[in-house]
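What follows draws every value from the coordinates through simple rules; no lab data is involved. Here the structure is a predicted model, which means the values were calculated and not measured.
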Amino acid sequence: MEITSILHRAITMQASDIFIEANIPVKFKKDNQLCPLNNDVLTTEDTKQLISQIYEIAKRDVDILFNDGDDDFAFSIAHLSRFRVSMFKQRGSLACVIRIIAFKLPDFQELNIPEQLIDLGDQTNGLILFTGPSGSGKSTTLACIIDYINHKYARHVITLEDPIEYLHVHNKSIITQREIGNDTNCYLTALRASLRQCPDVILLGEMRDHETIETAITASETGHLVFSTLHTIGASNTINRIIDAFPANEQPQIAMMLSLTLNAVVSQHLVPDISGKLIPVFEIMIVNPAIRNLIREKKIHQIDSIIESDRQNMVTLDNSLLQLYQDRIISRETVIKYCKNNQYITQKLG
């Protein structure tokens, strides 16, 4: 079995992910459903051979996987696609999950991303966070914003990613893309270095520890526009996660810095429409003076009520779901399954 034929088949099927693991057939993920490539169950040796082929294509040392037990990287095949790979050991054998990434940058309108989010690229400084579970489309939305900046403004944009997913071509802007592990050791080192590289915009793939969070906040405080992601759900949870990442004696200072620098928190999810295709749904919080005061005073639990009351600029996840249901894009069952406040949704649905 050849890995290239598997990759070609996945793209033909418009799958989003490929699963290679011993004791099951190769499986594709499409619209949240798992579909087997065929009935051929992979052996331990089969998975080892397929994974070795990937390392050959990527020109990467497979010993990294054998020594560490995990390895994440991206590779491209000319005229086919780009792929993000997570390799790992499990139960004494090798396995991997491959995410398919198109060469062409996505069109935000085709993906149903609100223009309001793309317009966040018009800002010149501050911190903008995209949150949500893994695989919810955060990287894709951010790639659309960076592409918007690239075609509209003459800026130096530095992206720090692990691994690099979408490749940007210089247009009006200069796009510098650095991959953690290949171009630099870690997010913190790369972020600190980026501040000496005359950036206008910094895209930080993930804020993993309090040192990286503090440096990102400082960067946004000193006149840079910083985008980053967290694996949280909802604006209030995101702010609590950031503050709680610091020791108790530092939390008041971080809350103050965050109240001055945070511009927006967007929580993103993928839900099935009535045909089964996955579409994005968003909770959008645009930071206003009232929210800045709540962050400063650590009254984070009151933020949701402000998002609910300001429907001109903001929207809760539940109201986004309700709007999709009213537009007959998603089903009643999907609204109930993905909502945050079941009582509120039940009352609204009647």
Given H placed 1.01 Å from N in the peptide plane, which residues other than close sequence neighbours of residue 155 have an amide H under 5 Å from its amide H? 173, 174
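Taking the square root of 5 times each eigenvalue of the Cα gyration tensor, what semi-axes in Å does the equivalent ellipsoid of region 116-209 have, largest first?
Working: eigenvalues 71, 56, 32 Å².
Equivalent ellipsoid semi-axes, largest first: 19, 17, 13 Å.
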Log10 I(q)/I(0) at q = 0.11 Å⁻¹ for region 154-263, from Debye over equal alpha-carbon scatterers, is -0.35
Output the relative contact order of region 91-183, whole-number percent, from Cα pairs under 8 angstrom with separation of 6+ residues. 26 percent
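Of the DSSP beta bridges with both residues in the chain, give the percent that are antiparallel, rounding to the nearest 5.
Working: 38 of 64 bridges.
About 60 percent, rounded to the nearest 5.
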Over all distinct Cα pairs, what is the inverse of the mean 1/r for region 115-315, reported as the Kirkwood hydrodynamic radius in Å? 17.2 Å
Rounded to the nearest angstrom and ordered from largest down, what semi-axes does the equivalent ellipsoid of the chain get from its C-alpha gyration tensor (root of 5λ)? 34, 26, 19
Taking 0.36 nm per residue of sequence separation and subtracting the Cα-Cα distance, how much length would be gained by fully extending the chain between residue 211 and residue 122, in nm to one decimal? 29.3 nm
As I understand it, the value is the acute angle between the Cα axis of helix 138-152 and the longest principal axis of the Cα atoms of the chain; what does it come to in degrees, rounded to 10? 70 degrees
Once phi is turned into θ = phi - 60°, what whole-Hz ³J(HN,Hα) does the Karplus curve with 6.51, -1.76 and 1.60 give for every residue of region 262-269, x standing for Gly and Pro? 5, 9, 6, 10, 10, 9, 10, 9
When the chain is modelled as a GNM with alpha-carbon springs shorter than 10 Å, which of 213, 24, 286 fluctuates the most? 24
In degrees, nearest 10, range 0 to 90: what is the angle between the Cα axis of helix 3-12 and the longest Cα principal axis of the chain? 50 degrees
Global size of region 261-342 as Cα Rg and Dmax, reported in angstrom: 14.1, 45
Which whole-number percentage describes the relative contact order of the chain, with Cα contacts under 8 Å and a sequence gap of 6 or more? 12 percent
For region 3-101, go through all pairs of different Cα atoms, get the mean of 1/r, take its inverse, and jot down that Kirkwood value in Å. 13.5 Å
